[in-house]
1. Count, please, the residues in the range B:148-162 that happen to be within 23 Å of B:M200 (Cβ to Cβ), at pLDDT 90 or above and within 10 Å of another protein chain (Cβ to nearest Cβ).
2. Inspect the range B:70-90 for any residue being part of a helix (DSSP H, G or I), more than 9 Å from every other protein chain (Cβ to nearest Cβ), crowded, with 22+ Cβ neighbours inside 10 Å and over 14 Å from the mean Cα position of the chain (by Cα) and give the result as yes or no.
3. Is it the case, given these coordinates, that B:G93 is assigned to a loop (DSSP other than H, G, I, E, B) and either at positive phi or in contact with a helix residue (DSSP H, G or I) (Cβ under 6 Å, 6 or more places away or on another chain) (or both)?
4. Working only within the range B:135-147, note down all residues that are open to solvent by 10 Å² or more (accessible area, probe 1.4 Å) and within 12 Å of chain A (Cβ to nearest Cβ).
5. With the requirement that a residue be surrounded by fewer than 20 Cβ atoms within 10 Å (Cβ to Cβ), touching a Gly at 6+ places or on another chain (Cβ under 9 Å) and outside any helix (DSSP H, G or I), what does the range B:208-237 give you?
6. Name every residue in the range A:309-359 that is assigned to a loop (DSSP other than H, G, I, E, B) and either within 14 Å of chain B (Cβ to nearest Cβ) or β-branched (V, I, T) (or both), in order of residue number.
7. Considering only residues that are touching a residue at least 24 places away in the same chain (Cβ under 8 Å) and either more than 19 Å from the chain's Cα centre (by Cα) or at positive phi (or both), which ones fall in the range B:195-210?
8. Name every residue in the range B:112-121 that is more than 7 Å from chain A (Cβ to nearest Cβ) and in contact (Cβ under 8 Å) with a residue 60 or more places away in the chain, in order of residue number.
Amino acid sequence: MQTLKAPADSRAKELAGEGGSRREDARGEGTGSRGQSEENRRYHVLKVLFRKETAEFINSRRMILFVVLTALITVSGFYAAVSGLAEAIEGGNTATDFLFLKLFTVSANSIPSYNSLMALMGPFIGIFMGFDAINSERTEGTLNRLVSQPLYRDQIIVSKFLAGLFISAVMVFASGLLIGSVGVIATGLIPSGEEIGRLFIYLCFCVVYIGFWLAAAILFSTVCRHAATSALACIAVWLFCAIFVSLLAGIVADALYPINGGDMQAMMNEMGNYSCELNLNRTSPYYLFAEAATTVLNPGVRTINAVTVTQLSGAISSNLTLGQSMLLVWPHLTGLAALMLAVFAISYVSFMRQEIRSR
Amino acid sequence: MISSEKKEFPEKRMSPEEGGLSRAGEGATAGTEKNIAGKMEDDIVVRTESLTKIYGDLTAVDHLDLQIRKGEVFGLLGPNGAGKTTTTLMLLGLTEPDAGKATIHGLDCTRNALQVKKAVGYLPDNVGFYGTMTGRENLRFMGRINGLEGKALEERIDRLLERVGMAQAADKKTGTYSRGMRQRLGIADVLMKDPDIIIMDEPTLGIDPEGVRELMWLIRDLAERDGRTILLSSHQLYQVQRVCDRMGIFVKGKMVACGTLEELGQQIGRDGTGALELSVYPDNISLQRILKEMKGVLDIEKNSDMYVIHSSFDVRRALSKKLTEEGYTIMHLRQAGSDLDEIYRKYFEKAGEQVG
């Protein structure tokens, strides 16, 4: 047997000056009363991580850009609404009920509405917060320090996701309510209860939509080694969803249901072509969100699928109630939420399976 | 403070026994060994049994059997890519072994990773901090994760910053820190959770000599004053030689030798690969005859102007006497393989032959 340095141990017991509060929380608790305290510890760790993520983001320089981006969406959306609203009413292009909600959907000559700005720029907010979530910690060398702490590894990625979602929710609600309140002052429109309900649902939609992009960004940040790569990948996906999906949907639908022959078959295909294109478009979260948002914000939208004349016969031309509108877009909401969760689940699994070495 | 410290010690002494009771499966085997080895068995806090990790074609760690006792400083030595980091990752439960197992305080490192991580502090190679936060904030964050709050947390932060000599720079953003400062803050960070066992991966890399000296002093202090067990991996031999109680030499995933510096030297000597270096004046035919006729000499090699003498026992005394009698002047006489560099090189040569 090899010799052990004997003095080391005994002296330690005499002199352990440092260990004033030794092990009060370390092993004593873990072995004895697990269950409750272990559960509490879990939430405690998650809370600490969540706090750190939020604080880090708010203190970062990115926060300035983030606020500017949100402010830009808010201000231009609001400007479009205020300048476009009067024109729209005078021109008789729009119904005069639910005018308050028009603040979010009306666009001026060249400035898009708040809603379309959100559909287009919302992804940026999500990507912004998530594209370097994991890989920056990896390159900074903080991730392996973090995973060697007594925490479950999933708490790291879950806290990042929750913190991002929390910040984007705060931003979205702040900007939405700002438009609403300034709109009340500027236009004198008083929102009804239903309008407030619709607005609330719409803002929730926005959060889920941004959450999807946040999850996608976190996925790329887990998979890609460099933050730049993951940012580019995110933007590529965003461009694909915003632009190319609709192009591709048109091409595929035309190939499957040709309608430019001018013959009988082309006329027969018309319905199939439209449905096919619509369904393909709906695979893109961009389209899904835009469609759902329009339905929620505009009670005048009675249907989102292609309808035949026979189906329309006997229908009363009036606005839908909130419940009926929700019924129309419920699949959209669940679909979007499911997409968000699925993407997050993939990044969760890939993060859990990853080996974390030093940089 | 004083009363709480006093309370600790019995509890601390209890812990290995409690650990022993809880693992029922090992009880039987441990029981028989206990009679012979007695206390020694209880003292082993880190143990690996034929631990293996394979990456594709590469066997990063190959059937590693390692035992580290309480309160000792153990050095894992080896060239880059020898499997040192992989071993430390498996000990922390961050990487799953392909075969074998690692236990710390009798807890399986893969299955009870959380419990293990409570007892083990890990200082990674090239440690990093959140650059937008100050050193103090970084420590506070780690303390909170480990369940510290309020006054106890702040006190410990202050004490640790003082101990690693970072009190002045504590309120600067860590983004501005130098390599050496990061390393020192890293040690404070590891100590935040008050671990029994500290694993350091290449702690001396990229630090100036003075910094290394301080670091080594700190490591020794952590082991001797606090009674912590320290496992450090390095390829910088001299630094490690000074601070380690025992060392394990790692080559291509295998631990080719393990023990104190003297033991490693003896192992080399016994193998006959290390021997006596001799240089005398005048160098002639009769010298070789005298050397060959010496009792215990097995073999003589001529190595430019140096003879390497392999012998079955230490012949230095007899040899110098004989040579002086014969009228030779000894220019150089040295027992080869007595410092770590030599040992290290020899082992690498040996392992290289076996593998390649």
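The values are calculated or read from the model by the stated rules, or taken from the named source; none is laboratory data. Quantities reported herein were computed from a predicted structural model and do not represent experimental measurements. As a convention, Cβ positions derive from the backbone with ideal geometry for all residues, glycine included, and neighbour counts pool all protein chains shown. Accessible surface areas use protein heavy atoms only, side chains included; no ligands, DNA or RNA. Shrake-Rupley method; radii C 1.70, N 1.55, O 1.52, S 1.80 Å.
1. Of the residues in the range B:148-162, 3 are within 23 Å of B:M200 (Cβ to Cβ), at pLDDT 90 or above and within 10 Å of another protein chain (Cβ to nearest Cβ).
2. Taking every residue of the range B:70-90 in turn, at least one turns out to be part of a helix (DSSP H, G or I), more than 9 Å from every other protein chain (Cβ to nearest Cβ), crowded, with 22+ Cβ neighbours inside 10 Å and over 14 Å from the mean Cα position of the chain (by Cα).
3. In short, yes.
4. Result: B:E137, B:R140, B:F141, B:R144, B:N146, B:G147.
5. Those that are surrounded by fewer than 20 Cβ atoms within 10 Å (Cβ to Cβ), touching a Gly at 6+ places or on another chain (Cβ under 9 Å) and outside any helix (DSSP H, G or I): B:D208, B:R225, B:H235.
6. A:I316, A:T321, A:Q354, A:E355, A:I356, A:R357, A:S358, A:R359
7. Correct list: B:E202, B:G206, B:D208.
8. Once the filter is applied, which keeps residues that are more than 7 Å from chain A (Cβ to nearest Cβ) and in contact (Cβ under 8 Å) with a residue 60 or more places away in the chain, the range B:112-121 yields B:V120, B:G121.
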